[in-house]
Amino acid sequence: MADIRKLIWYFYKPIFIWNAAFTLVCLGFISFYGPKVAGLVFFFKLIGFASTTYLQSYTAKNVYMYYRNAGYSIRRMYAYVYGIDLALYFALLTIYLRLK
Amino acid sequence: MKTLKVDSVELEFDGRKILQSVYLNCTQGEVVGLLGRNGCGKSSLLKIIFGTQAAGHKYVGIDGEYIGKGYHNNRIAYLPQHNYLPGGIVIEKLAKQIVDPLSWNEFTALPIFQRNAGKKTHELSGGELRQLETMIIIHSRADFILLDEPFTHISPIQADEFKPVIRACAKRKGIIITDHQYYNILEVSDRVVLLSDGVTKAIDDREELIRYGYLSGK
């Protein structure tokens, strides 16, 4: 089987900045309005994932075949990548709340 | 030797039946050429086998085991008509994820790889990229390979270069190949199947292609 860690990075690389921007905006909202808006901000983060999936399916659908030929479904690749992205988001949020 | 069996494939678009009770089989060690006019459903059939297109009904199995998605666990690999390699990553790194480790030395000995191993996709010409993408699929881990128009967008010399590679690969894999350059398909295939009026017909000689209206006969 292919090296899933490398495949995840190849899949994540082109969408990393877009999702990182959503993460920073979310953290900015929480720092400005306080932790009480965390639930609403999380919904905004999910909108970020939806927009990423939509943009990718328009601009990069051709490369989906690369991951399928490596043996992985696109749904699975998105699940891995968004899981990692959410973990990063919650890690940064935890660090921010502890430092505050 | 494993056998890929495709049976009872039905597909329709807007009420128009494209595929009706299609049957196709391929055993490791052979190249099956799939011919047909534009829009007859050749690419759709390959995508249905690979698992990326839904069909009204289908049976795809390897040695009697039903396969829902052909790409799961690297059972089937598919060369689409379009370019599929992601940009921004060196070709060698991309190839390593798909090429069978047992075929890696054979793959890296190919001139097309040696010329372009350290490059990224945007640095290659259209023909070079197509040839490289085809070679990556041919040398993949999959037991069965589906090639959709591998001879399109490449020069005749490039086509002649990789016909022997397809033949060599067929010693251990089953290959289903389709292209409008029918002479290349006839040359590289062990047997030929024509997709016409939504069904597959086994072709024994060139005259049958004329009789079924695929070739003009002039």
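Tabulated data
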quantity: Those residues of the stretch B:72-81 which are within 9 Å of another protein chain (Cβ to nearest Cβ) and open to solvent by 10 Å² or more (accessible area, probe 1.4 Å), in sequence order; calculated: B:His72, B:Asn73, B:Asn74, B:Arg75
quantity: Test: residue in the stretch B:198-209 that is crowded, with 16+ Cβ neighbours inside 10 Å, modelled with pLDDT of 95 or more and part of a strand (DSSP E or B); calculated: no
quantity: The listed residue being of a type in the set (Phe, Trp, Tyr), in a helix (DSSP H, G or I), over 30 Å from B:His139 (Cβ atoms) and open to solvent by 50 Å² or more (accessible area, probe 1.4 Å), out of A:Phe49, A:Phe22, A:Phe44; calculated: A:Phe44
quantity: Filter pass, B:Leu132 being in a helix (DSSP H, G or I), more than 10 Å from chain A (Cβ to nearest Cβ) and open to solvent by less than 10 Å² (accessible area, probe 1.4 Å); calculated: yes
quantity: Those residues of the stretch A:28-57 which are among the hydrophobic types (A, V, I, L, M, F, W, C) and either modelled with pLDDT of 95 or more or farther than 19 Å from A:Leu99 by Cα (or both), in sequence order; calculated: A:Leu40, A:Val41, A:Phe42, A:Phe43, A:Phe44, A:Leu46, A:Ile47, A:Phe49, A:Ala50, A:Leu55
quantity: Checking A:Lys61 against (1) within 11 Å of chain B (Cβ to nearest Cβ); (2) surrounded by 14 or more Cβ atoms within 10 Å (Cβ to Cβ); (3) within 17 Å of B:Gly87 (Cβ to Cβ), the condition it does not meet; calculated: (2)
quantity: Residue in the stretch B:102-123 that is more than 23 Å from B:Lys69 (Cα to Cα), within 14 Å of chain A (Cβ to nearest Cβ), at pLDDT below 95 and open to solvent by 70 Å² or more (accessible area, probe 1.4 Å) present; calculated: yes
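For (1) within 14 Å of chain A (Cβ to nearest Cβ); (2) surrounded by fewer than 21 Cβ atoms within 10 Å (Cβ to Cβ), each residue gets a yes or a no:
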site: B:Asn83; (1), (2): yes, yes
site: B:Gly88; (1), (2): yes, yes
site: B:Phe144; (1), (2): yes, no
site: B:Lys163; (1), (2): no, yes
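The values are calculated or read from the model by the stated rules, or taken from the named source; none is laboratory data. All figures in this text were calculated on a predicted structure; none of them were measured in a lab. Positions of Cβ are generated from backbone atoms using ideal geometry, with glycine treated the same way; all protein chains shown enter the neighbour counts. Ligands, DNA and RNA are excluded from the accessible area calculation, which covers all protein heavy atoms including side chains. Shrake-Rupley method; radii C 1.70, N 1.55, O 1.52, S 1.80 Å.
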